[in-house]
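The values are calculated or read from the model by the stated rules, or taken from the named source; none is laboratory data. Source: prediction; values computed, not measured. Cβ placement follows ideal geometry from the backbone for every residue including glycine, while neighbour counts extend to all protein chains displayed. Accessible surface is based on the protein model in full, side chains and every heavy atom, while ligands, DNA and RNA are left aside. Shrake-Rupley method; radii C 1.70, N 1.55, O 1.52, S 1.80 Å.
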Amino acid sequence: MSKSRDEVTVDFDHHRSPRLLDLSLAYSALRGRCPVAWSKSHGGFWIVTRYDDVDRVLKDYRYFTSTDGPTIPGVHLVKGIPADIDPPDHTKYRRALNPLLTREAVQEKMEPRIGYWTTVFVDRVIETGECDLMADLAVAVPAAVTLEWLGWENREEWWPVGAAWHDLLGRRREDPRFQQAIEFIERFDLRLAEELERRRVEPRGDPMSAIVALEIEGRPITREEALSITRLLINAGLDTTTIAIGYALVHLHYFLGDRERLGVADRELWETATDEFLRRYSPVRAFARTCVEEIELDGCPIRPGERVLASVDSANQDEDVFSNPLGVQLDRSPNRHLAFGSGIHRCIGLHLARAEFMGVLRAVLERMPDYRLVEDELVEYPRQSETGGWFRAPATFTPGRRLLPESADSLVMRAVVA
Ligand code: HEM
């Protein structure tokens, strides 16, 4: 028999949880007692917490559309292609974009740059014996790698971009810096449009040139589509990777046995460990969809037009799927985590994200093997909703020597994450 809405109504608002752990505990309580629940917040929405249901919501676009955006409530930014569209259109774009970020493309073209930028940013702090692992490494490396890869030449523009996405994902919506980040990103769009236009006129062999030259089912891509795709690659690729790196660095402060094991690990263990960190500490905590055709989940009738929040965080802790889900088991395999989503929207950048994650972690363990966090100064993301993690992670370590001459990074400004 179907459950009534009253039976499953809970007092839940993912924007209210002040602490990282609180939200995970709230999801865990729901998963045990009321795995599909209704919240009256933000105009009403469903919360889905069990692995199989989350997988279904993310995968089954015939019932759950992505077209209303990934957050509840929505943020008024323009649509991201291909994240905010469904098949058949989604398939056309995704097919055109897949070649840009294959495992081989990442290994050949991007891993050397990840190595370079990681060395540059570790060099910047290595002689001082102190840094903020978030601003100096976890924000800096993905911003440099992604913007350089796209073909963005002006390095002085990289940091404001990294910091704006850090603010957008982390700060509370009432915080003026959140609003400023939105305004910055809107202005950045104009610059992005300009850069794309230059490449339309004069291609340069970089991914931005490849994007403006794409053909979508035999017709040239429009300017708006190219802008939306490029913006999404930046938006989806920067702070998610930042969060993943930050979580692992904080974990390795508290769990020195894992640090020791990873310090001498081979490639195979690094790969399983990367997925395990992503499972245990999912950077994307939840994704939203809108129901388009009535469907019952765990006895709850979900009706067209209703918003649904699928908690990846919760699915990845589901004890029916993962043994000892709260523990980090570096060699966990298989590991069917949903940190990169599921189905047609599964993350296009996952090979890049994994490579950046491993690149930064390995560099830290090699060059700052005794780093310790300044625990009193650790700051969580002020907003723990769709994403969450560590906003600031100051650390000290035994100073070391630079590997590159000082001139190597003279143009690069330090990321400012106040
Ligand atoms: C650890 C880092 C990352 C995590 C946890 C992550 C997570 C996700 C998730 C959960 C989705 C599915 C969204 C949905 O179902 O609606 C997704 C999609 C996407 N991600 Fe990532 N992502 C990461 C890094 C990246 C990177 C580095 C890039 C590119 C530079 C990227 C680009 C995208 C794009 C374009 C989509 C949309 C794909 C589609 O709709 O077909 N992501 N990501």
**Item:** Values of log10 I(q)/I(0), in the order q = 0.14 Å⁻¹, for the chain under a Debye, Cα-only, solvent-free model
**Value:** -1.35
**Message:** Quick check on the range 202-261: what are the equivalent-ellipsoid semi-axes from the Cα gyration tensor, as sqrt(5λ), descending, whole Å?
**Reply:** 40, 11, 9
**Prompt:** For the range 134-204, which GluC sites (Glu not before Pro) are in a loop by DSSP, counting at most 13 other Cβ atoms within 10 Å?
**Reply:** GLU153, GLU174
**Asked** Which value, in debye to the nearest 20, gives the size of the charge dipole of the range 220-289 about its Cα centre, when Lys and Arg are +1 and Asp and Glu are -1 at the Cβ?
**Response** 280 debye
**Request:** Give the peptides 365-371, 112-118 in descending order of average Cβ contacts within 10 Å, highest first.
**Result:** 112-118, 365-371
**Prompt:** So what's the gap between the Cα centers of the range 256-303 and the range 361-400, to the nearest angstrom?
**Reply:** 21 Å
**Complete:** Across all Cα atoms of the range 103-212, Rg and the largest Cα-Cα distance (Dmax), in Å, are 15.7, 47
**Message:** Just to compare against my own numbers: the Cα pair-distance distribution for the range 1-134, 5 Å bins, whole % per bin, please.
**Reply:** 2, 7, 11, 12, 13, 12, 13, 13, 9, 5, 2, 1, 0, 0
**Complete:** Rounded to one decimal in Å, the inverse mean reciprocal Cα-Cα distance for the range 345-398, i.e. its Kirkwood radius, is 13.3 Å
**Per residue Cα convex hull volume in Å³ - calculated over the range 158-207** = 71 Å³
**Message:** List the residue ranges in the chain for DSSP H helices whose C-alpha atoms run 30 angstrom or more along the long axis and whose Kyte-Doolittle average is -0.5 or above.
**Reply:** 223-254
**Asked** Of the heavy-atom accessible surface of the chain (probe 1.4 angstrom), what whole percent is carbon and sulfur?
**Response** 52 percent
**Prompt:** If you bin every alpha carbon distance in the range 228-296 into 10 Å steps from zero, what whole percent lands in each bin?
**Reply:** 16, 37, 25, 16, 6, 0
**Item:** For the range 44-99: Kirkwood Rh in Å [reciprocal of mean 1/r, alpha carbons]
**Value:** 12.7 Å
**Asked** What is the magnitude of the charge dipole of the range 17-66 about its Cα centre, with +1 placed on the Cβ of each Lys and Arg, -1 on the Cβ of each Asp and Glu, and no other charges, expressed in debye to the nearest 20?
**Response** 80 debye
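How many percent of the alpha carbon pairs in the range 273-312 exceed a separation of 14 Å?
Cα-Cα pairs in the range 273-312 separated by more than 14 Å: 57 percent.
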